[in-house]
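A short write-up of the structure that comes next.
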Amino acid sequence: SAIIYQVLYSFAAIGIFAILTITLVPAADDYEISNLKGFGIVKKLAAFCMSVFMFSLVGIPPLAGFFGKFYVIESAIFAKEYLAAVIAILLSVISAYYYINIVRVMYFSAPDGKQIRLHVSSSLVCVISICTAVTLLFPILQQFL
């Protein structure tokens with residue numbers, strides 16, 4: 001269950017970093033959440049993918065992150081490690097605030113003009129597409145895996 005969780009988390013994290021690669025201001029010291037203001041208005045498809053990844057990391061069903069967290073917590077309960085399961089749930093709730101805050105900034109803040117349209121390579125589009133597909137389709141694909 002830990003390996004499944006890590007693989008699913010990796011797909012979401014890789015997708016997030018691929019999107020950030022094409023959207024944020026290129027100055028190395030200027031990577032802030034505020035750079036994503038209005039991202040949901042300006043770049044709708046990329047913002048949708050980013051939201052899918054964020055909600056997956058939160059563990060919202062039916063996204064892949066939910067199943068990863070479910071399997072880990074279920075394993076802890078079967079091993080009678082109740083404290084570990086409770087801590088995992090509490091940390092998930094705390095992390096939800098931070099992940100959902102990013103989605104809030106993307107969709108509910110007006111663009112401030114800091115974003116620069118960078119060249120989007122076909123390889124980045126491919127990476128984002130694969131990561132989004134795995135995150136969205138894992139509930140269907142898990143029976144074959």
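Taking 0.36 nm per intervening residue step and subtracting the Cα-Cα distance, what contour gain separates Tyr107 from Ile14 on full extension?
31.3 nm
When ligands, DNA and RNA are left out and all protein chains stay put, how many square angstrom of accessible area per residue does the chain have with a 1.4 Å probe?
59
Can you give the accessible area of Ile3, probe radius 1.4 Å, in Å² rounded to 10?
130
Counting alpha carbon pairs within less than 8 Å and at least 6 residues apart, what relative contact order, in whole percent, applies to segment 1-142?
42
Keeping to pairs on different chains or 8 or more places apart, tell me how many lysine pairs in the chain have Cα atoms under 26 Å apart.
Count of close lysine pairs: 4.
Kindly rank 5-12, 57-64, 97-104, 137-144 from highest to lowest mean number of other beta carbons found within 10 Å of each residue.
Most protected by this proxy first, the peptides run 57-64, 5-12, 97-104, 137-144.
The values are calculated or read from the model by the stated rules, or taken from the named source; none is laboratory data. Note that the coordinates shown come from a computational prediction; the quantities given were computed from them, not determined experimentally. Cβ sites come from the backbone with ideal geometry, for glycine too, and all protein chains shown count toward neighbours. Please note that ligands, DNA and RNA were not included when accessible areas were found on the heavy atoms of the full protein model with its side chains. Shrake-Rupley method; radii C 1.70, N 1.55, O 1.52, S 1.80 Å.
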